[in-house]
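Structure first, then comments.
The values are calculated or read from the model by the stated rules, or taken from the named source; none is laboratory data. Please read these numbers as outputs of a predicted model, since none were measured by experiment. All Cβ positions, glycine included, derive from the backbone under ideal geometry; neighbour counts span all protein chains shown. Quick note on the areas: whole protein, heavy atoms, side chains included, nothing else; ligands and nucleic acids left out. Shrake-Rupley method; radii C 1.70, N 1.55, O 1.52, S 1.80 Å.
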There are 2 protein chains.
Amino acid sequence: MPAGVKDVAQRAGVSVGTVSNVLNRPDRVSAEVRDRVAQAIADLGYVRNAAARQLRAGRSTTIGLIVLDVRNPFFTDVARGAEDEAAEHGLSVTLGNSDENPAREAAYLDLFDEQRVHGVLISPIGDVAGRLDRLRARGIPAVLVDRAGADGRVSSVSVDDVAGGRMAAQHLLDTGRRRLAFVGGPPSIRQVVDRVEGARSALGGADRLEVLPTDALTVLEGRRIGQAIADRPPAARPDGIFAANDLIAMGLLQALAMRRDVEVPGEIALVGFDDIDFASAAVVPLTSVRQPSQLIGRTAMRLLLDEAADPGLAPRQVVFQPELVVRASSAPPP
Amino acid sequence: MPAGVKDVAQRAGVSVGTVSNVLNRPDRVSAEVRDRVAQAIADLGYVRNAAARQLRAGRSTTIGLIVLDVRNPFFTDVARGAEDEAAEHGLSVTLGNSDENPAREAAYLDLFDEQRVHGVLISPIGDVAGRLDRLRARGIPAVLVDRAGADGRVSSVSVDDVAGGRMAAQHLLDTGRRRLAFVGGPPSIRQVVDRVEGARSALGGADRLEVLPTDALTVLEGRRIGQAIADRPPAARPDGIFAANDLIAMGLLQALAMRRDVEVPGEIALVGFDDIDFASAAVVPLTSVRQPSQLIGRTAMRLLLDEAADPGLAPRQVVFQPELVVRASSAPPP
DNA sequence: GACCCGAACTGAATCGATTCACAGATCGAC
DNA sequence: GTCGATCTGTGAATCGATTCAGTTCGGGTC
């Protein structure tokens, strides 16, 4: 029922090939014919069928982006950066939310595979190396986001999480804290592991850092651990906490704030990671390790587009340095 | 180069039609053949080509969702609800971010139109009535999200914004505030207009509410207005502020907190809208008008799928009632 | 044994845009 | 006046999965 190229061609009195040329290579067509075709398109309300174009082209003009958590402002910022860069090249981005769930992640990879997307940007949770290889075999490049490629098989854009973890822990030590704890998980997320490792390296010994694992990097999980800490006798509480990300830090803050006897930063100093917008507006403004989120997204997209244009390109690893932003939550005790 | 149905058929020693049947109507095929085809698919690493399927089917299995701001947790929650409902029907969701920009919104509508999406969910900023009519003519239903349909031409799922605005203003009056202000904009967003109107109705007269317009519903804009308010002589400041959403409220809070002489809620009480996760973790925990965000998304998707299944269906309007959540930011003055 | 029926499978036609080898037309140069 | 070059425009072939009118075959009925 909806009009196709054929209908447009007929109404404009030209062939279908000419209509296609007007759409894709207007310079090959005389001005007079161009106007006639444009008029016919307007009259019929013709809209190109993307499926037919893609079928012929062999690949779509969409880029798939899979993030660990859309509700984390860090990832929406990354997505925004990626989207802006893609838009400049006439491509669009489909955002998938794995929710730190390997099954959901796999489902999105399947979907993008069937859609023959132009490329895939992914912040992985499961073991995706094999999947990404298969995609590449089908001509679909992939770039890891916010996570360094373990082997050099695939390009990646990330932040030096080990350095970030070290900065956070060192800062807590510098403000006089001695009983440090790390809150975060699951360990299947490499960023988490790297951040713990960085914190440990600042302490000089593995046994001096208490690790309180969470099942996800969410406000809810932070709140859960925060309650557990508040329930301890004061002497058993840590006096400095490094949270795997700001969401967890915000949860900790919520739980601790409800207990009048646990004061931040008086009794416990707190450092987060990501420096999301809300960090500076928290109950106690949050000290955090900042990542250049939009830049990460934009850079990853750029690497991806390069590889899409030239499949032979060798994988590249881009690593940004994080930056400590000090606020009230880690002020020295009185 | 990648394997197609034809290759699979050849390897399994059957016709292409049979391969298609194995994929789409396995019950029509004998178990023995089914296994042979499955084996061939695995051997060749065959992956269906979505473009070809869609071309034949005439529509895709994707739903387009356009939100005003992906960085607003309210909308990511809505998206999550919509996505969950869609997944239960084997459909996926493409998220588009209009950023309160009519041009970006139009671009996404064009994209979804070309993609012949299964349907469109939209929280509109510009005048989209005409666009949605054209989509419908092409067999693509649309449902408005977080915004009631002006005329009854299109289905919608929303919250009673007028009631929400009234609740917020009434609450401020109840806590003894008298010089009320509303912060929010732009007026092209109907929700904003409705919330002001609700607040006015609680006051009984239009002139008793000062309106401080913003260009967008963002933390940044809130911060800007907050600074302007803090710069006034104390007597000229409002003593109760109703922010169009929590992002603006958080921005106001950030700006006011930086000025030691402006205390919340002592000098100024503050009420937001949406009750996002971060509201309870703000510098001063935020009183807010809660919307059932995930439920809104889920319900909108349900209406949309109904209409996609039966194009003749009459438009329906679902309106949820908001709920006031009182926290520290609106405590009565000492 | 003739006939019918359903189950299992076949393969050509189809969806709509793009491409590309080819055809006409126009113009300038020699 | 002829040849070649350039510029416009043509239309059949193509991408890959699905569909549907047919074919084949085993078995049941009278």
**Convex hull volume per residue for segment A:5-48, taking Cα atoms only, in Å³** = 55 Å³
**Request:** List, in order, the whole-Hz ³J(HN,Hα) value for each residue of segment A:9-23 obtained from phi through the Karplus relation with A = 6.51, B = -1.76, C = 1.60 and θ = phi - 60°; use x for Gly and Pro.
**Result:** 4, 4, 5, 8, x, 10, 8, 4, x, 5, 4, 4, 5, 4, 6
**Request:** For A:VAL319, place a label point 7 Å out from Cα along the Cα→Cβ vector, do the same in each other copy, and report the separations in nm, one decimal, smallest first.
**Result:** 5.8
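Nearest 5 is fine: what % of DSSP beta bridges in the protein assembly as shown come out antiparallel, could you say?
Values: 7 of 79 bridges.
Approximately 10 percent, going by the DSSP bridge assignments.
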**Fill in**
At q = 0.11, 0.14 Å⁻¹, the log10 of I(q)/I(0) for chain A from a Debye sum over equal Cα scatterers comes to -0.74, -1.02
**Message:** Per 0.36 nm of contour for each residue apart, how much would the distance between B:ASN24 and B:ARG59 grow if the chain were fully extended, relative to their Cα-Cα spacing?
**Reply:** 10.9 nm
**Message:** 5 Å is the cut-off here: which amide hydrogens, built 1.01 Å from N in the peptide plane, fall below it relative to A:GLY96, excluding neighbours closer than 5 in sequence?
**Reply:** A:LEU65, A:ILE66, A:VAL67
**Alpha-carbon centroids, segment B:265-334 and segment A:94-130: separation in whole Å** = 31 Å
**Shielding by other protein chains, B:69-78, mean Cβ within 10 Å** = 4
**Asked** On a 0 to 90 degree scale, rounded to 10, what angle separates helix B:31-44 from the longest Cα axis of chain B?
**Response** 70 degrees
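Evaluate peptide A:106-113: per residue, the Cβ atoms of other protein chains within 10 Å of its Cβ; return the mean as an integer.
2
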**Fill in**
Counting sequence-distant residues (5 or more places) and residues on other chains, those with an amide H built under 5 Å from that of B:PHE320 are B:SER158, B:VAL159, B:ASP160
**Asked** Can you run phi through the Karplus equation (6.51, -1.76, 1.60; θ = phi - 60°) for segment A:102-117 and list ³J(HN,Hα) in whole Hz, with x for Gly and Pro?
**Response** x, 5, 5, 4, 4, 4, 5, 5, 4, 4, 5, 5, 4, 7, 6, 4
**Complete:** Among segment A:2-34, those whose backbone N falls under 16 Å of a label point 7 Å along Cα→Cβ from A:ASP43 are A:3-16, A:19, A:32-34
**Prompt:** Any idea what the dipole of the protein assembly as shown comes to, in debye rounded to 20, about its Cα centre with Lys/Arg Cβ at +1 and Asp/Glu Cβ at -1?
**Reply:** 1140 debye
**Between helix A:246-258 and chain A: long-axis angle, C-alpha atoms, 0 to 90°, nearest 10** = 40 degrees
**Prompt:** Amide H of A:ASP274: which non-local residues (sequence gap of 5 or more, or other chain) have their own amide H closer than 5 Å, using H built in the peptide plane?
**Reply:** A:VAL289, A:ARG290, A:GLN291
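How big is the equivalent ellipsoid of segment A:86-194 along its three axes, where each semi-axis is √(5λ) from the Cα gyration tensor, reported in whole Å from largest to smallest? Provide the component values of the computation, followed by the final result.
On the way: eigenvalues 219, 44, 33 Å².
Computed over segment A:86-194, the values are 33, 15, 13 Å.
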**Request:** Under 1.5 on a/c is rounded, so check that first for the protein assembly as shown, then, if it is not, pick prolate when a/b is larger than b/c and oblate when it is not; a ≥ b ≥ c are the square roots of the alpha carbon gyration tensor eigenvalues.
**Result:** oblate
**Complete:** Sorted shortest first, the nm distances from the A:GLY45 label point (7 Å along Cα→Cβ) to its counterparts in the other copies are 4.5
**Prompt:** Mind checking the mean number of beta-carbon atoms from other chains within 10 Å of the Cβ atoms in B:267-277?
**Reply:** 1
**Request:** Please arrange B:SER330, A:SER188 by accessible surface area, largest first, computed with a 1.4 Å probe and ligands excluded.
**Result:** A:SER188, B:SER330
**Request:** For chain A, give the magnitude of the charge dipole about the Cα centre (Cβ charges: +1 Lys/Arg, -1 Asp/Glu; no others), in debye to the nearest 20.
**Result:** 580 debye
**Prompt:** Using a label position 7 Å from Cα in the Cα→Cβ direction, what is the ascending list of nm distances from A:GLY130 to the same site in the other copies?
**Reply:** 5.4
**Request:** For helix B:219-231, report the angle its Cα long axis makes with the longest principal axis of the Cα atoms of chain B; keep it between 0 and 90° and round to the nearest 10°.
**Result:** 10 degrees
**Request:** Given the options B:ILE41, B:ILE225, B:ILE276, state which has the largest fluctuation in a GNM of chain B using a 10 Å cut-off (strictly under) for Cα springs.
**Result:** B:ILE41
**Item:** Area buried, chain B against chain A - accessible surface, total, 1.4 angstrom probe, square angstrom
**Value:** 4000 Å²
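At a Förster distance of 30 Å, what's the computed FRET efficiency of B:SER15 paired with A:ASP133, Cβ-Cβ distance as r, to 0.05?
Details: r = 32 Å, r/R0 = 1.05.
Computed FRET efficiency for B:SER15 and A:ASP133: 0.40.
Can you tell me the accessible area per residue over the protein assembly as shown, all protein chains present, probe 1.4 angstrom, in square angstrom?
Values: 27020 Å² over 668 residues.
Per-residue accessible area for the protein assembly as shown comes out at 40 Å².
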